[in-house]
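Only one structure is covered here, and it is reproduced in the block below.
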Amino acid sequence: MKYAGRLAAATIVGVLSLAACGTDDNTGTAGGTSSAAAPAQGDDTLKGTINAAGSSAQANAIAEWKKNFQSSNPGVSINYNPSGSGAGVQAFIQGTVAFAGSDSALKEDKGEPAQADQRCKTGKAINLPMVTGPVAVVYNLPGVDGLQLSPKTIGGIFNSKITKWDDPAIKADNPDAKLPSTAIQAFHRSDESGTSDNFTKFLKATADWPYEPAKAWPAEAQGQGAKGSDGIASSIKSTEGAISYVELSFAENSQLQKAKVANGSGEFVELTPESAAKTVEAAQIEGTGNDLKLSIDYATKAAGAYPIVLVTYEITCEKGLAAEDAKLVKSFLTYTSSDEGQQALTSLGYAPLPSSLLTKVRTAVEAIS
């Protein structure tokens, strides 16, 4: 049976507001969420090591979760290698990690679900959405704040068709801006990345983008590569005239300029957790059972909706992990999907998942064995 439903943006905003108010209520009722997964309590008997790898977009989230979880569970060590979504998925399939972080679900066209199921042996691999990571279009252009870019213009820039900052297409998006004739230096991820996958899905859905969406950047589009989200952020910060795409948490940590992006109605929208939440509202759950793969409407016409978002997943076995790994992964993901775990990320540029989705995530985590 397929799940399909609207994911209420108001719930995300409500959780953000709750976190901002400094609530001490971590019982699982915040923002209308259920108490199905209370925050993980300290467990002196919980011991061992969790090895995981994948999405660098998750790196800041994992670091915060790891700090909090290990503080309550000192017998547990969490080793997360932010090697990129593609590398993380392959490590999971090969059985070298207990879960993979990925900014896109296992891909049918690459045979990943079947390979991951084979790795799990006695059960299925499941995609568990864990946090919303809005994707910022970042740039380095001194004196030009509040840059506005339509999807078509973004596609032209990243396909090397628009090469100067005073190009007529950029002027049309910014009629009142003083744009320099500086050469545009477009950066993309050099490693396979779920962020690239989501960004190219956005371009394919909204712009004249001739390439198929993929974790690997299309060589025909050219541009300059940088490894990982931190590599992108560093490259933009140090290169005048540069532009790229990176998760909001990295953009804010590096204090990068962020462009307003036009949604499907042509409205230029500033990226905030709240504006990203309005796009998540249109997402549908495509997976079956406890597999919670999402489909995002990148061409949403919702008022005030920022259109480039990704939902970052943890990919693991519903059944089939070694007993010790299953116990540790289940405990850790119970914490990350709790209200406490979700609220811990609001100051880092992430948006918590809405309650309607969290309820399903918690049910899926509970099934891990």
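The values are calculated or read from the model by the stated rules, or taken from the named source; none is laboratory data. Just so it is clear, the model here is predicted, and its values are computed rather than measured. Note that each Cβ is placed from the backbone with ideal geometry, even for glycine, and that neighbours are counted across all protein chains shown. Surface accessibility is based on the protein's heavy atoms, side chains included, excluding ligands, DNA and RNA. Shrake-Rupley method; radii C 1.70, N 1.55, O 1.52, S 1.80 Å.
Here are a few things to note about the model shown:
- Of the helices (runs of 4 or more DSSP H) lying entirely inside segment 164-281, those containing at least 1 residues that are open to solvent by less than 30 Å² (accessible area, probe 1.4 Å) and among the hydroxyl-bearing types (Ser, Thr, Tyr) span 194-206, 228-238, 248-253, 273-280.
- Checking each residue in segment 107-131 for being outside any strand (DSSP E or B) and open to solvent by less than 10 Å² (accessible area, probe 1.4 Å) picks out GLU112, ALA116, CYS120.
- Within segment 53-70, tally of residues that are open to solvent by 10 Å² or more (accessible area, probe 1.4 Å), modelled with pLDDT of 95 or more and touching a Ser or Thr at 6+ places or on another chain (Cβ under 8 Å): 1
- Output for segment 80-103, where each listed residue is closer than 10 Å to ILE315 by Cβ and not in a helix (DSSP H, G or I): VAL97, PHE99, ALA100, GLY101, SER102
- Being within 20 Å of the chain's Cα centre (by Cα) and open to solvent by 10 Å² or more (accessible area, probe 1.4 Å) is a description that applies to THR359.
- With respect to the conditions (1) in contact (Cβ under 8 Å) with a residue 40 or more places away in the chain; (2) part of a helix (DSSP H, G or I), LYS67 lacks only one, and its number is (1).
- Any hit, segment 343-351, residues being at pLDDT below 90, assigned to a strand (DSSP E or B), surrounded by fewer than 19 Cβ atoms within 10 Å (Cβ to Cβ) and over 15 Å from the mean Cα position of the chain (by Cα): no
- Restricting attention to segment 90-105 and to residues that are among the aliphatic types (A, V, I, L, M) and in contact with a helix residue (DSSP H, G or I) (Cβ under 6 Å, 6 or more places away or on another chain), the residue that is surrounded by the most Cβ atoms within 10 Å (Cβ to Cβ) turns out to be ALA100.
- Test: residue in segment 339-350 that is out of contact with any Ser or Thr (no Cβ under 8 Å at 6 or more places or on another chain), among the aromatic types (Phe, Trp, Tyr) and in contact (Cβ under 8 Å) with a residue 12 or more places away in the chain: no
- Among the residues making up segment 145-163, a single one is assigned to a loop (DSSP other than H, G, I, E, B), among the aliphatic types (A, V, I, L, M) and in contact (Cβ under 8 Å) with a residue 40 or more places away in the chain: LEU147.
- Number of the exception - SER77 against (1) at pLDDT below 95; (2) assigned to a strand (DSSP E or B); (3) farther than 30 Å from SER238 by Cβ: (1)
- Test: residue in segment 300-308 that is touching a strand residue (DSSP E or B) at 6+ places or on another chain (Cβ under 8 Å), open to solvent by less than 20 Å² (accessible area, probe 1.4 Å) and farther than 30 Å from GLY155 by Cα: no
- Considering each residue of segment 310-319 in turn, at least one proves to be in contact with a Ser or Thr (Cβ under 9 Å, 6 or more places away or on another chain), part of a loop (DSSP other than H, G, I, E, B), more than 22 Å from VAL138 (Cβ to Cβ) and open to solvent by 10 Å² or more (accessible area, probe 1.4 Å).
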